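A.B. asks: I'd like to ask you about the structure that follows.
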Amino acid sequence: MISFVYSARSHAITFPLPRLYSFRRCPYAMRARLGILFAGLTVELREVVLKNKPAQMLAVSPKGTVPVLELAGGDRSERLVIEESREIVEWALRQSDPKGLLNTDLVSANALIDRNDNEFKHWLDRYKYADRHPELSQLDYQQKGEVFLQALENLLARNRYLLGSNIGIADIGIMPFVRQFAHVDREVFYSLPYPNLQKWLRDWLEHPVFLQTMIKFPSWQEGDDTKTGTDLFSPCPFPPNQQYQSQRRQ
């Protein structure tokens, strides 16, 4: 089990930049990008098409899921590959935690994220793709997912964020999945009796870091490393720097 823990040890960042394979709408990839942004780090982003996974990604991570973070090093045998979103967030916050996301009850944060990943995500997938899981109705799956939503509502009735008055690792670890649940049917979600959770999600959807997390990037293809021109700036920095944004506007 991967847990968020504070550690004084860190991996040295060298150039080229750490490389993140990501997919914009994947909640696990969102979690990783949020961690990187809150840490104030910059990586090379490779937005992938999951139906056509690039060979370079599969070479470093044969399991073929995102996110994948490849840390720069000497030769390829010395490079560290991080394949789990929670580990990527942990790595990022070990480098830098200017907003104090680790200044929270880490035991409670880990337990809450465990519940999200191991329980809520199970019902979320079935709620979103109910036609693939005819064992129960979509309403049944929704109600099973609501057990976790009610737990979040109870926490948010006491605090602005899940475990206190400031954003913590639990918030960035869980928000992308609540967003996905809400987006199955927004009208249904906002009609549910969870006003504090709904406000928390609305605030997140307008948060400048989340908005930066969701900037659209062109899909990366094999061979892009050697391309130049106004339609592509390679490598693609995340968060996007002024030069990249200027190239994209031309």
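A.B. asks: From Phe148, Phe120, grab the single residue that is assigned to a helix (DSSP H, G or I), more than 29 Å from Pro239 (Cβ to Cβ) and at pLDDT 95 or above.
C.D. replies: Phe148
A.B. asks: Which condition breaks for Tyr141 when tested against (1) assigned to a loop (DSSP other than H, G, I, E, B); (2) buried (at least 16 other Cβ atoms within 10 Å of the Cβ); (3) in contact with a Lys or Arg (Cβ under 8 Å, 6 or more places away or on another chain)?
C.D. replies: For Tyr141, the failing item is (1).
A.B. asks: Same structure, new question: Are there any pairs with C-beta distances below 9 angstrom linking a residue in region 47-63 that is part of a loop (DSSP other than H, G, I, E, B) to a residue that is surrounded by fewer than 11 Cβ atoms within 10 Å (Cβ to Cβ), with the two at least 6 apart or on different chains, and if so which?
C.D. replies: Pairs found: Pro54/Glu222.
A.B. asks: Between a residue in region 174-199 that is in the same structural domain as Ala151 (by TED's automatic domain parsing) and assigned to a helix (DSSP H, G or I) and any residue that is at pLDDT 95 or above and among the small types (Gly, Ala, Ser), which pairs come within a Cβ distance under 7 Å, given they are 6 or more apart or on different chains?
C.D. replies: From region 174-199, the pairs are Phe181/Gly145; Phe189/Ala182; Asn196/Ala157.
A.B. asks: Considering only region 73-85, I want to know if a residue exists there that is at pLDDT 95 or above, surrounded by 14 or more Cβ atoms within 10 Å (Cβ to Cβ), acidic (Asp, Glu) and outside the structural domain of Phe177 (by TED's automatic domain parsing).
C.D. replies: yes
The values are calculated or read from the model by the stated rules, or taken from the named source; none is laboratory data. Just so it is clear, the structure is predicted and the values come from calculations on it, not from any experiment. Neighbour counts run over all protein chains shown; Cβ positions are idealised from the backbone, glycine included.
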